[in-house]
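Notes follow the structure.
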Amino acid sequence: MENYNMNLTLKVWRQKNSAEKGGFQTYQVKNVSSEMSFLEMIDVLNEDLINEGKDPIAFDHDCREGICGMCSMYINGRPHGPWQNNTVCQLHMRAYKDGDTIVVEPWRANAFPVIKDLMVDRSAFDRIIQAGGYISVNTGSPVDANAIPIEKDKADAAFAAAACIGCGACVAACKNSSAMLFLSAKASHLALLPQGAPERKSRALAMVAQMDKEGFGSCTNTGACEAVCPKGISIENIARLNREYMCAAAVSDKG
Amino acid sequence: MKWSEIFTSSVGKKWIIALTGLFLITFLIVHAGLNACIWVNDGGTMFNAGAHFMGSTVVIRIVEVGLMLGFVLHIVQGIMLEIQNRRTRKIGYAVAMGNKGSKWYSRSMGLLGTLILIFLVIHLSHFWIPNRSNQGWLLGEEINLYERMKITFQELWVVIVYVVGCISLAWHLLHGFQSAFRTIGVTNKKYLKMLNALGTGFSIIVPFVFALMPISFYLGWIK
Amino acid sequence: MLDSKIPSGPLESKWTYYKGHCKLVNPANKRKLEVIVVGTGLAGASAAASLGELGYKVKAFCFQDSPRRAHSIAAQGGINAAKNYQNDGDSTFRLFYDTIKGGDYRAREANVHRLAEVSANIIDQCVAQGVPFAREYGGMLNNRSFGGVQVKRTFYAAGQTGQQLLIGAYQAQERQVALGNVKQYSRHEMLDVVIIDGKARGIIARNLVTGELERHFGHAVLLCTGGYGNVFYLSTNAMGSNVTAAWKAHVKGAFFGNPCYTQIHPTCIPVSGDHQSKLTLMSESLRNDGRIWVPKKKDETRKAVDIPEEDRDYYLERRYPAFGNLVPRDVASRAAKERCDAGFGVGTTKQAVYLDFRYNLINKYGRTEASKHGIENPDEATLERLGKEVVKEEYGNLFDMYEKITGENPYEVPMRIYPAVHYTMGGLWVDYELMTNVNGLYALGEANFSDHGANRLGASALMQGLADGYFVIPYTIGNYLADEIATKPIPTTHEAFETAEKAVSDRITRLMNIKGSKSVESFHKRLGKIMWEKCGMARNEKGLTEAISEIQALRKEFWNDVRIPGIINEMNPELDKAGRVADFMELGELMCRDALNRKESCGGHFREESQTEEGEAKRDDANFTFVSAWEYKSESNWEMHKEELIFEVAKPTQRSYK
């Protein structure tokens, strides 16, 4: 792999806080190495800004290994940038060439208000999980882990759904700001396992109700979420949730 | 959970759109099949016999009410959903995502649906409304629909409107057909593959058949 | 002498005895007791969930935007448990023994045995919560082996075990939030612990969004705040991982145990340049199937794939035939450093060794698959194709990650790896009940010092975090809180809260008022460099002494010349970072002092003065079989207390993996 240096033009969304209006600022970044990660490039820019006495760009990031789900940038019209199955923190500058212009925006959705610059508030996701994204089992002495065999295909499918990192790229990409991929990944993960079966009905109903309350849109199966998901979560999960939901709603005898 | 809660939830609404959509798809099959009788080229005898059956059978007329209801639900829910979904993002992106990840027509169901609705109004005012009003909303005398088609499709602009309507329908179906099955929860990859193929075929063939009708009359392929 | 409150009786019945005799709090009283949990990783989330389930009123704090982001999520390889599902001779005793031996006889026997005992419950608990561990075709759980042991006892979920376990604990916590038992405070950072009449009674936290300081009362305070590997600037820790909470507790009186014990993980992606912000781990599980080698010739210029077998030095297999590539982490790391220092390193920086999958991909997986498919006499291309499929299933996400970072395809060319700081065995000193020497102040998970001695075995961190949170603290906290049921919640207008908040506020103002010329990051980098070079993989008296004065000078410079943009009452990540780096600079000095004081080599702590003729670590059991617990007196002034380690069952021997 040949390494090279490049000069870039960055247009970054700057917003002081949730109350004030934001706008784009343009920055020139010089001598960026192709070996840097995208966030390291922003680090370098921030270092320059601090040295010039300016406010550095605030952005969410933590593990920088593509697993914590904290990083969230909408780069040139795509959440997490141009690479497939990738988070921003794992995006490397090899993806760009000298002279490129890069536009960086925060996740946009009413349910994800901007806190500052590129940081958004994703606590709506926590509340969706609180609504039912768990198996109600207290710590104690459950049955032996091998007491209930789980067929490998199902276990694998549950694992594939459980790979979601809750970054919110699905919402950012969706034209309806729908959280269905996030929600359905959790509902599928739990519904596919025998341990999660007793609550699958109430879970589907409660989680969807919370999603609606948070102001996310509904799913129109465009597939944009799946295309940008860093963990390759399939929209098959959404179909499964739709089914779970209606089965639960139809047989519910309340009301 | 009350019915009202179910069908006002985001997933419930989608179910209504999907189910009514699938119902309308079955209607399209009947409609296209019947209209294809024009190509028998018998001066409209077979076509009018079919039309007569549809227009004067009590059961069918009752089902027609269901069909209207299906249209209304599909349209009203569709518009409401579109409006709601548009409101979920007050500040948009400076750089749009465009086709990175989704097809333009899957993002344009509202627009395509509106075009189809406009076409539908024109279409109904050409045939269905005059016919039913002639019948006095009961099982009265029908007009000769074949003749009416012949006359209507002499105008070039009408033919163009119909062709545009059919193209809109094709795109609408291309997304709608498979989307409906996803909404009602088909996850099996084997069946999804089959349904996708079926959906693509359906979305091309049916609107094509419809579009061919005004063209056939306009170009004088049928007498 | 410190009292570690180890229950009497034989080792294997201590925990049972304790559980049967500790004090209990009745359900009605639990509702009146408030517990503060700081940090929401495996230890914190599992503790918050379990205590919430019991009925305590819990407040859970994390600096991230959601509890689910805690860095436990990044653990890849797996979690150990003495289940013996594989029938390969595992038992509670063996897990205990391996952990003590792996920790180079510097851990507390009773704690480790308890850990081994509850390990099996953890797996049951996690499966019940829906953690999707890897399974075999019969539906049973699968296991893999890890470094430093000879049995397969590691449960895993592809390369995302930490993620799955953390999400399980997070979900349990969210359930308690929904039930109203746990109140959650995200984007909040603990900046001080409030002590009233010798007991921890609350914390001062800063709301990172608004910059406001908040006071929170608790009958007890649990610090589950992880390790301090970021003192080295470059580590596999998350960018936000910090020592601040633990350090504030230390300054307020909690002893810091074994600060110098640092784990350097052998398989990380090497540094690529000055811009590097953090290092990425490649799971130790890769050593199951990857063979580590360097060229036999110095200054080798051929590409890895062009170097023939006879010119490769599989140095781990050569030096440690019994364990080969699966030697413990400290041993593997030092061996890599030794080869690179001797001039056999690879890559542009020459600070890397190869981790090569080709042999096992073809011979192990390829051949098994070929025989499964009934292919006789398969050619190499077929074997490669078949082997790749299996390797992809086992390690796909790690291979993808490697390729994204380096631009090289590890299926084709060997990975380049180098050791990096990964985990800190040291931490707040705690007794058997996980309580620090400050009453009512607990430390769980990586934040405490207790279970891993001088070196942690792979897949044991997840085990410890969850053991502490799910199965230990629910019992031990009751033993303390049973005597607190009469204590009414203390209003946060209490003088102690006032003073603590004022001190925090003054320090923030002081930091902001420096208005110097250098960024926080630049100081952190310089601190990291000192630590890595002088208190890293190999340490000596001269280097450590220098490091101490260098850190002191750096600290002085920091407090005179750091530049923090922005203001206090807003979201200000630079200010957050400044506070953390200031604490790291104090910790760094303590680490060096501890390392200087411990004149033996043990586990991850390698003193060049104390090694065998073959260059292996040499312990000095006669003089150093103790935990050093440091008491903070004033700036740069500590007093060391000793906790003697008594080995009744696992008698110390020289560790040998040959």
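The values are calculated or read from the model by the stated rules, or taken from the named source; none is laboratory data. No experiment lies behind these values; they were computed from the predicted model shown. Virtual Cβ from ideal backbone geometry, glycine too; neighbours counted across all protein chains shown.
Quick look at the numbers
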item: Spans of strands (runs of 3 or more DSSP E) in the range C:103-209 with at least 3 residues of a type in the set (A, V, I, L, M, F, W, C); result: C:188-196, C:199-207
item: Residue within the range C:241-256 that is out of contact with any Pro (no Cβ under 7 Å at 6 or more places or on another chain), surrounded by fewer than 22 Cβ atoms within 10 Å (Cβ to Cβ) and without any contact (Cβ under 8 Å) to a residue 60 or more places away in the chain present; result: no
item: All positions within the range A:166-180 that are more than 7 Å from every other protein chain (Cβ to nearest Cβ) and either touching a Ser or Thr at 6+ places or on another chain (Cβ under 9 Å) or among the hydroxyl-bearing types (S, T, Y) (or both); result: A:C167, A:G168, A:A169, A:C170, A:V171, A:A172, A:C174, A:S178, A:M180
item: 3 or more residues of a type in the set (S, T, N, Q): qualifying helices (runs of 4 or more DSSP H) within the range B:126-223; result: B:128-135, B:156-183, B:189-218
item: Qualifying positions in the range C:1-28 - in contact (Cβ under 8 Å) with a residue 40 or more places away in the chain, assigned to a loop (DSSP other than H, G, I, E, B) and either surrounded by fewer than 15 Cβ atoms within 10 Å (Cβ to Cβ) or aromatic (F, W, Y) (or both); result: C:M1, C:D3, C:K5, C:K23, C:L24
item: Identity of the residue in the range C:139-153, within 19 Å of C:Y320 (Cα to Cα) and aliphatic (A, V, I, L, M), that ends up surrounded by the fewest Cβ atoms within 10 Å (Cβ to Cβ); result: C:V151
item: Test: A:A162 is without any contact (Cβ under 8 Å) to a residue 24 or more places away in the chain, more than 13 Å from chain B (Cβ to nearest Cβ) and over 30 Å from B:L173 (Cβ atoms); result: no
item: Selection count where residues are within 30 Å of A:V12 (Cβ to Cβ) and in contact with a helix residue (DSSP H, G or I) (Cβ under 7 Å, 6 or more places away or on another chain), scope the range B:46-99; result: 1
item: Residue among C:R135, C:R144 that is within 14 Å of chain A (Cβ to nearest Cβ), farther than 26 Å from C:F626 by Cβ and among the basic types (K, R); result: C:R135
item: Any helices (runs of 4 or more DSSP H) falling wholly within the range C:431-541 and containing at least 1 residues that are more than 18 Å from C:K252 (Cα to Cα) and basic (K, R); result: C:495-514, C:520-534
item: Residue that is nearest to C:Q171 (Cα to Cα) [pool: residues in the range A:105-120 that are of a type in the set (D, E, K, R) and more than 7 Å from chain C (Cβ to nearest Cβ)]; result: A:R108
item: The range C:392-426 - residue that is among the hydroxyl-bearing types (S, T, Y) and in a strand (DSSP E or B) and, of those, surrounded by the most Cβ atoms within 10 Å (Cβ to Cβ); result: C:T424
item: Cross-chain or 6+ apart pairs with Cβ under 6 Å, the range B:178-204 first and under 22 Å from B:V30 (Cβ atoms), then of a type in the set (G, A, S); result: B:Q178/B:G199; B:A180/B:A18; B:A180/B:G21; B:I184/B:A18; B:S203/B:A170
item: Scan of the range A:212-230 for residues that are more than 7 Å from chain B (Cβ to nearest Cβ) and either crowded, with 24+ Cβ neighbours inside 10 Å or β-branched (V, I, T) (or both), ordered by number; result: A:C225, A:C229, A:P230
item: The one condition in (1) more than 30 Å from C:A81 (Cα to Cα); (2) of a type outside the set (G, A, S); (3) part of a helix (DSSP H, G or I) that A:N86 fails to fulfil; result: (3)
item: Residues of the range C:556-585 that turn out to be assigned to a helix (DSSP H, G or I) and not polar (S, T, N, Q), as a count; result: 18
item: Selection from the range A:132-148 of residues that are more than 7 Å from every other protein chain (Cβ to nearest Cβ), farther than 17 Å from C:F155 by Cα and touching a residue at least 24 places away in the same chain (Cβ under 8 Å); result: A:G132
item: Among the candidates A:C63, A:C71, residue that is crowded, with 23+ Cβ neighbours inside 10 Å, assigned to a loop (DSSP other than H, G, I, E, B), within 20 Å of the chain's Cα centre (by Cα) and more than 9 Å from every other protein chain (Cβ to nearest Cβ); result: A:C71
item: Output for the range C:393-418, where each listed residue is away from chain A (no Cβ under 13 Å) and at pLDDT below 90; result: C:Y395
item: Count of the range C:39-69 residues which are surrounded by 24 or more Cβ atoms within 10 Å (Cβ to Cβ), within 8 Å of another protein chain (Cβ to nearest Cβ) and of a type outside the set (S, T, Y); result: 6
item: Considering residues of the range C:282-307 that are among the hydrophobic types (A, V, I, L, M, F, W, C) and surrounded by 22 or more Cβ atoms within 10 Å (Cβ to Cβ) only, the residue nearest to the chain's Cα centre (by Cα); result: C:M282
item: Residue that is farthest from B:V164 (Cα to Cα) [pool: residues in the range B:82-140 that are of a type in the set (F, W, Y) and within 14 Å of chain A (Cβ to nearest Cβ)]; result: B:Y93
item: Test set (1) within 9 Å of another protein chain (Cβ to nearest Cβ); (2) within 14 Å of the chain's Cα centre (by Cα) - A:R94 fails condition number; result: (2)
item: Per-region count, the range A:26-60, residues surrounded by 14 or more Cβ atoms within 10 Å (Cβ to Cβ), more than 10 Å from every other protein chain (Cβ to nearest Cβ) and part of a strand (DSSP E or B); result: 2
item: Contacts under 8 angstrom Cβ, first residue in the range C:643-658 being closer than 12 Å to C:T625 by Cα, partner of a type in the set (A, V, I, L, M), 6 or more apart; result: C:E643/C:M1; C:E643/C:L2; C:E643/C:V627; C:E643/C:A629; C:E644/C:M1; C:L645/C:A107; C:L645/C:V627; C:F647/C:I100
item: Conditions (1) outside any helix (DSSP H, G or I); (2) among the hydrophobic types (A, V, I, L, M, F, W, C); (3) under 15 Å from the mean Cα position of the chain (by Cα): number failed by B:L120; result: (1)
item: Flag for A:L190 being of a type in the set (A, V, I, L, M, F, W, C), under 17 Å from A:R122 (Cα atoms), away from chain B (no Cβ under 11 Å) and buried (at least 24 other Cβ atoms within 10 Å of the Cβ); result: no
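Residues are listed down the side, and each one gets a yes or a no for (1) surrounded by 24 or more Cβ atoms within 10 Å (Cβ to Cβ); (2) in contact (Cβ under 8 Å) with a residue 24 or more places away in the chain; (3) under 20 Å from C:V194 (Cβ atoms):
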site	(1), (2), (3)
C:L428	yes, yes, yes
C:D431	no, yes, no
C:T436	yes, yes, yes
C:L444	yes, yes, yes
C:A459	yes, yes, no
C:Y470	yes, yes, no
